[in-house]
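Quick notes on the structure that follows.
The values are calculated or read from the model by the stated rules, or taken from the named source; none is laboratory data. Everything quoted here is computed from the prediction, not taken from an experiment. No Cβ is skipped: glycine too gets one built from the backbone with ideal geometry, and neighbour counts run over all protein chains shown.
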Amino acid sequence: MSALNVEPNFDDADAFYSALIEAHRGLSDEQSTALNARLVLLLANHIGAESVLRDALEKARQSVDEETNT
Amino acid sequence: MPSGRQNPVYAYRRSADQDAGVTSRHHPVVIVGAGPSGLTAAIALDACGIDTVVLDDNDTVSTGSRAICFAKRTLEIWDRLGCAAPMLEKGVVWQVGKVFFRDAQVYQFNLQPEGGHKMPAFINLQQYYVEEFLVDRIGELTRVDLRWKNRVTRVEPRDDRVQIEVETPDGHYVLSCDYLLAADGANSLVRESVGAVARGQEFHDQFLICDISMHADFPTERWFWFDPPFHSGHSVLLHRQPDNVWRVDFQIGADADAAQALRIENIRPRIDAMLGEQTKWDLEWASAYTFRCRKLDRLVHGRVLFIGDSAHQVSPFGARGANGAVQGVENLAWKLARVIRGEAPGELLSTYDGERQRGAAENLLHSTRATDFITPKSPISRVLRDSVLRLAKRYPFARALVNSGRLSAPCRYDDSPLNTPDEDRFTSLARPGSPCPDAPISIDGHPGWLLEKLGGSFVLLVAGPAVPDELRTLPDLTVLELGADFAVTSDDLARRYDLVGGAAYLIRPDQHVAARWRRLDAGAVTRALRRALGCELKEVA
């Protein structure tokens, strides 16, 4: 069972981040939500492994829950 | 019903149990309800030599088409019981499905059946035909006493029997039985009588189901629309049945007024918008429904055994209601017969609960997931659903996520205590607990099918060499020897069973694998047979 890699792994972190922001430019909130959904689905399929995906879902949820509770 | 078709009416007949002065009104098995589950149970028990009385409050078959999609495993079971031929003849075979989102087709799929099986992947056939053919089959049998217009008013389970009170056109009578099969549907009176509670999820979305007869040339395909322009915000399913009847299933939402939706002046514009006003059609039947996904915690309550919708209900997406029900009945019948005949301990019945809880849980899981995809419950789940559909048009990966119903597949009883776990290595998927795959064979030069030779009793399927004599004389075991009893006409058998030189399979009366070995050993077969009859359960208990 492989775990989610949470160590630094980007070729170029800054370039990715600005590309992500750029991808949302000019979109309404609704369109941005749709873009995020599609991005999640495309990346999830690329990862494929159920254990990694579940780990990612858990960590993402945990992060949101922690934010809400503080 | 299509114009011109009249449901058969079955005459009420007074039974001997109603005569004054009858001393014994006791029967081994009484079945409450003559739907697909109850009728199949009666036929399966007849095949095991068990007498049954079937009580039904009506005098005809199902009103409206209801269950319309019957899967290969279900057809195999009915074929074993001698009822599949008229169903295949009448039914419509389909394999192409198309999925649409808004105004465009997203993709299409083809359930191209794998060759080398007697039965097709699916047929579509109205439930009223299924029931009629099952009743016809019962007419050929001697051990089924099918009593129409016999309404059960009270069920009282006792330690040594179950007492049943019945209302008929001639008045009231009482009978009793060793075992009662509750096949009385979603609103089961029997379930209430024994205090059993079905647990699960209730869905509030309403659906409008219309059977229309069309005089248009429409392909024999399953079409599913998500959010089409002619029915914005909801889903629609179009599916073909025999007699040029088409099932149209509109999701109409939780807040719709079902009584209004059912009025012909409101149905007409919906269907015209879908088919175009030039298409001529007549309404045969319409019904509005909501559904529940739920099951009993225990399918066995002492002498009362639950089958079909009284035991478990699923959403219609995936055709898992009637198909799951028939597979459950097949699981129960051989066990009940052997307990009644004193050949197996009563504990064997607990494995009906274990194995079919697993089957029901699988069916519930798949049908609940399909429901959640078809009717998203939150704004974000709708965004994700619509994103899947948008991506699916372009990228094949997303098609795996599109869920308009995962069509019924048989359950593998992987962890059943009746299985003898594999000790030898096999490359085939026909592992202990699995339903036996079919394969073409020939017997005395005549073409046939493997599944025609399996079931009824236990079968020892062997590929030589010599079978020890002691295995040929065991009760309830039939030896089926490759070479001596049949020949293969393709490599399907070898592939599906990995059945080569010396290997053997022990197969249950319901055509599920109980055990398999690379080398035949009489002692191992005898032990596996005892285990598959539940004898070890008794020792544990």
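Structure data summary
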| item | result |
| --- | --- |
| Residue in the range B:383-390 that is β-branched (Val, Ile, Thr) and away from chain A (no Cβ under 12 Å) present | no |
| Residue B:184 touching a residue at least 40 places away in the same chain (Cβ under 8 Å), assigned to a strand (DSSP E or B) and within 25 Å of the chain's Cα centre (by Cα) | no |
| Residues (assigned to a loop (DSSP other than H, G, I, E, B) and more than 16 Å from residue B:92 (Cα to Cα)) located in the range B:240-259 | B:254, B:255, B:256, B:257 |
| Among (1) under 22 Å from residue B:250 (Cα atoms); (2) crowded, with 19+ Cβ neighbours inside 10 Å; (3) more than 14 Å from every other protein chain (Cβ to nearest Cβ), the one test that residue B:373 misses | (3) |
| Verdict on residue A:2 being more than 13 Å from chain B (Cβ to nearest Cβ), more than 25 Å from residue B:388 (Cα to Cα) and either modelled with pLDDT of 95 or more or surrounded by 13 or more Cβ atoms within 10 Å (Cβ to Cβ) (or both) | no |
| Residues located in the range B:279-299, provided they are crowded, with 18+ Cβ neighbours inside 10 Å and among the acidic types (Asp, Glu) | B:284 |
| Search result, residues across the range B:466-494 that are surrounded by 15 or more Cβ atoms within 10 Å (Cβ to Cβ), outside any loop (DSSP other than H, G, I, E, B) and not hydroxyl-bearing (Ser, Thr, Tyr) | B:471, B:477, B:479, B:480, B:481, B:482, B:486, B:488, B:492, B:493, B:494 |
| Index of the failed condition, residue B:379 passing every other in (1) out of contact with any Phe, Trp or Tyr (no Cβ under 9 Å at 6 or more places or on another chain); (2) surrounded by 21 or more Cβ atoms within 10 Å (Cβ to Cβ); (3) within 14 Å of chain A (Cβ to nearest Cβ) | (2) |
| Checking residue B:320 against (1) within 30 Å of residue A:29 (Cβ to Cβ); (2) charged (D, E, K, R); (3) buried (at least 20 other Cβ atoms within 10 Å of the Cβ), the condition it does not meet | (1) |
| Residues within the range B:118-163 that are part of a loop (DSSP other than H, G, I, E, B), in contact with a Pro (Cβ under 7 Å, 6 or more places away or on another chain) and among the charged types (D, E, K, R), tallied | 1 |
| Residue, farthest from residue B:29 (Cα to Cα), within the range B:154-209, restricted to residues that are among the basic types (Lys, Arg) and touching a Lys or Arg at 6+ places or on another chain (Cβ under 9 Å) | B:199 |
| Enumeration of residues in the range B:216-273 that are closer than 16 Å to residue B:103 by Cα and small (Gly, Ala, Ser) | B:232, B:233, B:235, B:273 |
| Single residue of the range A:20-70 satisfying the filter (assigned to a helix (DSSP H, G or I) and among the β-branched types (Val, Ile, Thr)) that is nearest to the other protein chains (Cβ to nearest Cβ) | A:33 |
| Residue within the range B:400-409 that is touching a strand residue (DSSP E or B) at 6+ places or on another chain (Cβ under 7 Å), within 14 Å of chain A (Cβ to nearest Cβ), under 19 Å from residue B:223 (Cβ atoms) and buried (at least 21 other Cβ atoms within 10 Å of the Cβ) present | no |
| Unique match (being over 25 Å from residue B:239 (Cβ atoms), surrounded by fewer than 24 Cβ atoms within 10 Å (Cβ to Cβ) and without any contact (Cβ under 8 Å) to a residue 12 or more places away in the chain) among B:302, B:342, B:276 | B:342 |
| Test result for residue B:463, at pLDDT below 95, touching a Lys or Arg at 6+ places or on another chain (Cβ under 8 Å) and either under 25 Å from residue B:417 (Cα atoms) or crowded, with 18+ Cβ neighbours inside 10 Å (or both) | no |
